[in-house]
Structure formats: C-alpha cells, structure tokens
Amino acid sequence: MDYQVARHNMVENQVRANKVTDPLVIAAMEEVPRELFLPESKKGVAYVDEDISIGNGRYAIEPMVIARLMQIAEIETTDVALVIGAGFGYSSALLSRVAETVVAIESDATMVQKAEKILQENNYDNVIVVEGDVVAGYPKQSPYNVIMFDGAVAEVPEAILEQLGEGGRLLAVVREADKVGVARLYEREHGVVGHRDLFDANVPYLPGFEPVESFVF
C-alpha cells in the first residue's frame with residue numbers, strides 16, 4: 001500500500017472537503033503518517049474516514065474531526081498545547097507540527113511507552129508524553145494556550161478548564177447522555193470561560209469521561 005498517496009487522498013477527500021483551509025493544518029495532515037500510530041493489524045485502514053480502535057477502549061479519532069478542531073483552535077507557532085488522552089500519539093504529532101510545544105497526558109502506561117517510542121523514533125521532539133490521570137489534566141505545566149481532548153467527553157471538568165490560560169482555547173467533542181455529540185470551543189477572555197458549539201461529531205468517548213449513569217426509582 002502506498003501510504004503517501006492514501007494520506008494525500010485523505011487530505012483532499014476528507015479534510016479539504018470538510019471546510020478545512022488552514023495551510024498549517026493541511027500541511028500537518030499531509031506530513032504526519034497516521035499508520036505509524038496504529039497497531040500493526042490496523043495500518044491497512046489508516047486513512048479510512050472513521051475512528052480506529054487502538055485497544056483498551058481507546059480510538060484514533062477520525063482525521064477530519066481533528067483537522068477541524070485544530071483549525072478552529074487557531075494554533076500559533078508560539079503556543080503550548082495540552083492533549084488529553086495521548087493514545088499512541090497521532091493527535092499530539094499533528095499538533096506538534098503547528099504549536100511550539102505539546103504536552104500529552106495519558107493514563108495507560110503501555111500506551112505512554114508506545115507513544116514515546118513512536119514520537120522519539122520519528123523526531124517529534126517537541127512532544128512530551130506524561131503518564132497520569134487524564135481526568136485531572138496536567139496542571140504542572142499550565143496555563144496552556146490550547147487544550148484538546150482526543151475523544152469525546154460527557155462534560156469538560158472544571159479542573160481542566162482552570163488550566164486554560166488567558167486567551168486560551170479548549171476544543172472538545174461533548175456527548176451528553178443520549179444526545180448527538182457536538183464539537184465545542186471554550187475560550188478564556190478576561191478571566192472568564194465561555195463556550196460555543198461548532199458542528200456535530202460523534203466520536204467515541206475517551207475512557208474516564210463517559211456519562212455518569214443515573215438511577216431511576
């Protein structure tokens with residue numbers, strides 16, 4: 001399989017076709033090989049337009065969603081970004097091609113090791129993968145200019161919103177129980193965080209961020 005051709009076709013048919021025009025985002029999507037960040041058995045479907053399971057309830061979310069979130073974030077080359085849920089590192093690698101530094105928090109120790117290995121071997125030197133509780137974010141390096149969730153959440157924890165710096169942007173696909181997921185932008189201006197909904201997006205939940213079951217009496 002010619003991955004480079006498949007990657008270019010993905011950009012043309014999935015990314016550009018869905019209103020992504022930012023040249024830095026498009027260049028990142030063209031450059032970062034998605035197949036490197038997937039299990040061996042899934043490499044052949046690296047460029048299909050869907051979320052791909054990478055094990056342990058985790059997914060590499062579809063490239064079109066990542067690209068649209070990155071474009072809306074308006075990432076600058078001086079930005080420090082936080083990725084919640086590194087997985088094998090694909091989203092972190094994409095952001096690293098635009099932001100100055102990317103911190104990726106991951107709770108699965110095996111995935112931390114795998115992501116570090118892939119990123120180091122392929123010279124993504126401005127990505128730092130940290131093992132820890134994804135629900136807590138990574139306040140040690142905050143505040144961040146950009147925060148992005150690599151999977152859907154039922155809600156964004158206040159503790160993570162607090163790690164957003166002044167003028168910062170947080171992007172998440174929010175899927176409340178029994179509702180359609182929606183990509184949402186949170187912004188901090190004058191110390192206050194507001195949000196607005198952007199587009200429908202039904203990606204799988206990031207483990208730890210699923211809806212809390214309510215009991216009916």
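The values are calculated or read from the model by the stated rules, or taken from the named source; none is laboratory data. Remember, it's a predicted structure, so these values are computed and weren't measured experimentally. Backbone-built Cβ (ideal geometry, glycine too); neighbour counts: all protein chains shown. Accessible surface areas use protein heavy atoms only, side chains included; no ligands, DNA or RNA. Shrake-Rupley method; radii C 1.70, N 1.55, O 1.52, S 1.80 Å.
The table below gives the values:
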{"quantity": "Mean-position separation - Cα centroids, region 22-48 and region 84-146, in angstrom", "calculated": "17"}
{"quantity": "Average silhouette area of region 99-175, convex hull of alpha-carbon atoms, in square nanometres", "calculated": "5.3"}
{"quantity": "Region 7-113 - Rg over Rh from alpha carbon coordinates, Kirkwood radius", "calculated": "0.94"}
{"quantity": "The chain, accessible area per residue, ligands and nucleic acids excluded (1.4 Å, Å²)", "calculated": "47"}
{"quantity": "Separation in nanometres of the label points that stand 7 Å from Cα toward Cβ, at F199 and E176", "calculated": "2.3"}
{"quantity": "Gain in span if fully extended, H190 to H8, counting 0.36 nm per residue against the direct Cα distance", "calculated": "61.4 nm"}
{"quantity": "For I128, residues with placed amide H under 5 Å, excluding near neighbours", "calculated": "V102, V103, A104"}
{"quantity": "Highest-first arrangement of 130-138, 80-88, where packing means the average Cβ count within 10 Å", "calculated": "80-88, 130-138"}
{"quantity": "Choice from D125, D178, D150 with maximal GNM fluctuation in the chain (Cα, 10 Å cutoff)", "calculated": "D178"}
{"quantity": "FRET efficiency, 1/(1 + (r/R0)^6) with R0 25 Å, evaluated for Q141 and T110 via beta carbons", "calculated": "0.60"}
{"quantity": "Rg [Å, one decimal], Dmax [Å, integer] - the chain, C-alpha atoms", "calculated": "16.2, 56"}
{"quantity": "Kirkwood hydrodynamic radius over Cα pairs of region 127-210, then Stokes diffusion coefficient at 25 °C and 0.890 mPa s, in µm²/s", "calculated": "187"}
{"quantity": "Pairs from K117/K179; K117/K140; K43/K117 whose Cα-Cα separation, in the structure shown, is over 28 Å", "calculated": "K117/K179"}
{"quantity": "Rounded percent of accessible protein surface that carbon and sulfur make up, region 72-217, 1.4 Å probe", "calculated": "47"}
{"quantity": "Trypsin sites (Lys or Arg not before Pro) lying in DSSP loop within region 1-69, provided at most 16 other Cβ fall within 10 Å", "calculated": "K19"}
